[in-house]
1. Could you tell me how many of the residues in the stretch 1-22 are farther than 17 Å from Tyr120 by Cα and outside any strand (DSSP E or B)?
2. For the subset of the stretch 77-93 comprising residues that are at pLDDT 90 or above and in contact with a helix residue (DSSP H, G or I) (Cβ under 8 Å, 6 or more places away or on another chain), which member is surrounded by the fewest Cβ atoms within 10 Å (Cβ to Cβ)?
3. Mind telling me which of the residues Tyr109, Tyr81, Tyr120 ends up being closer than 19 Å to Leu7 by Cα and not hydrophobic (A, V, I, L, M, F, W, C)?
4. If a residue has to be within 15 Å of Tyr81 (Cα to Cα) and either hydrophobic (A, V, I, L, M, F, W, C) or part of a helix (DSSP H, G or I) (or both) to count, how many in the stretch 101-127 make the cut?
5. Keeping to the stretch 11-58, report how many residues are farther than 17 Å from Ser108 by Cβ, surrounded by 13 or more Cβ atoms within 10 Å (Cβ to Cβ) and either in contact with a helix residue (DSSP H, G or I) (Cβ under 6 Å, 6 or more places away or on another chain) or of a type in the set (S, T, N, Q) (or both).
Amino acid sequence: MHTQHILFLSPVNHLSIMAEGWASKLHAPTSTFISASYFHASEDHLPILAMREVNIDISHLQAKPLTPELLKEADLVIAIYDFNRDEQLDIPPFDQKNILQWNIPNPSYVQEPIDKWVTYQVICDTLAGYVKGLKQYIT
């Protein structure tokens with residue numbers, strides 16, 4: 001049976017790792033979920049804390065830097081970025097590949113700590129809904 005590779009891709013690692021954490025709850029034995037960042041990875045404990053509030057541990061997850069190999073291996077690429085603030089990544093088209101785009105606020109633009117925390121909580125809830133919708137793409 002073919003293993004379906006789903007790649008979560010975001011400007012920095014937080015959003016893709018949070019999505020990977022939610023995807024782990026889909027119980028999709030024929031799918032693997034990978035997170036990658038296309039600009040840079042950064043350390044922030046707030047995504048870990050936000051996901052911990054919903055009993056999902058993402059502390060062990062690390063986003064990989066985006067490589068052509070990751071894109072080629074992926075059956076589905078999910079670009080997660082802030083449509084209003086982030087630069088859209090030009091993902092080369094591949095045969096038989098689905099590309100989804102999710103509009104999620106980028107917390108990197110939030111300066112005040114309490115506002116950043118609230119933003120991560122909203123992101124956590126929003127990603128839950130998007131990931132739940134992935135069931136239609138999973139074989």
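1. 3
2. Top of the filtered list is Arg85.
3. Residue meeting the stated conditions: Tyr81.
4. 13
5. 10
The values are calculated or read from the model by the stated rules, or taken from the named source; none is laboratory data. Values in this document were obtained by computation on a predicted structure and should not be read as measured data. Don't worry about glycine lacking a Cβ; one is built from the backbone with ideal geometry, like all the others, and counts go over all protein chains shown.
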